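Okay, so here's the structure we're looking at.
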């Protein structure tokens with residue numbers, strides 16, 4: 001069974017600074033997706049970034065980028081030029097691409113609460 | 001295009017009462033999911049469906065039942081609510097997540113059992 005671990009329950013960063021959120025996962029599979037979701041106080045689940053395991057290049061989306069280390073099973077999220085609107089819970093999630101496996105079920109970590117301070 | 005809509009948004013139940021949460025999607029998605037989110041926890045899968053007329057158990061299915069009689073709707077039922085079922089419930093849907101299609105989430109349903 002796959003597991004996702006986020007070891008930082010809470011983090012804070014000053015506005016305009018850079019912060020990195022950690023995520024590790026455990027799986028015996030080779031073909032999967034990894035995600036970072038943002039959940040602001042409204043509780044809406046917002047997809048931040050997605051990484052395909054077979055792609056060596058790290059995914060980027062504007063100020064958000066990941067450091068994907070497949071061998072180490074590590075998937076960290078870097079937020080550059082932090083903004084007040086980045087304040088939220090951030091969840092790392094795993095999705096197996098194996099047919100007949102988990103049927104597209106997302107497996108979530110427990111989340112990291114990020115506070116961006118002015 | 002409404003996306004994924006959950007009804008109701010908020011509900012307070014007494015222990016032992018029953019209720020049904022409705023998830024509706026207008027994107028012709030095959031895959032639909034019900035998750036629950038508790039404090040200090042990520043989302044955990046309750047039940048899911050890979051097509052009309054099919055359902056399957058997830059990680060935390062006890063105390064819940066589901067039905068998918070129509071492709072666009074996925075119902076989550078609590079037959080006899082317990083305080084441990086106080087949670088925020090999220091529905092999600094996708095055409096085919098393992099093919100890389102986007103997973104869309106509803107806005108959540110807050111359920112309190114007293």
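Any read-out appearing in this document is the output of simple, stated calculations on the displayed coordinates, not a laboratory observation. Every value quoted in this text rests on a predicted model; they were computed, and no experiment measured them. No Cβ is skipped: glycine too gets one built from the backbone with ideal geometry, and neighbour counts run over all protein chains shown.
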Sorted largest first, the Cα spans of region B:1-100 on the principal axes come out in Å as 39, 26, 24
Partner shielding of B:35-45, as the mean number of partner chain Cβ atoms within 10 Å, equals 5
Protection proxy (average C-beta count within 10 Å per residue), highest first, orders B:34-45, B:4-15, B:71-82 as B:34-45, B:71-82, B:4-15
Computed Rg/Rh for region A:13-82 (Cα atoms; Rh = Kirkwood radius) stands at 0.99
Hydrodynamic calc, chain A: Kirkwood Rh from Cα pairs, then Stokes-Einstein at 25 °C with viscosity 0.890 mPa s, so D in µm² s⁻¹ is 170
Per principal axis, largest first, the Cα atoms of region B:51-114 extend in Å by 41, 23, 20
Nearest-0.05 FRET efficiency for residue B:41 and residue B:80 at R0 = 22 Å, using Cβ-Cβ distance, is 0.45
Of the convex hull drawn through the C-alpha atoms of the protein assembly as shown, the volume per residue in Å³ is 123
Restricting to Cα pairs under 8 Å and 6 or more apart, the percent relative contact order of region A:1-49 works out to 32
Partner shielding of B:50-63, taken as the mean number of other chain Cβ atoms within 10 Å, equals 1
Rounded to whole angstrom, the alpha-carbon centroid of region A:58-113 lies from that of region B:1-55 at a distance of 23
Within 10 Å of the Cβ of an average residue in A:43-56, the count of other chain Cβ atoms is 2
Most packed first (mean Cβ within 10 Å per residue), the peptides A:31-41, A:63-73 order as A:31-41, A:63-73
Here the relative contact order (percent) of chain A, from C-alpha pairs under 8 Å and at least 6 apart, is 37
Contact order relative to length for chain B, counting C-alpha pairs under 8 Å separated by 6 or more residues, stands in percent at 35
A chain fully extended from residue A:62 to residue A:113 at 0.36 nm per residue, minus the present Cα-Cα distance, gains in nm 16.3 nm
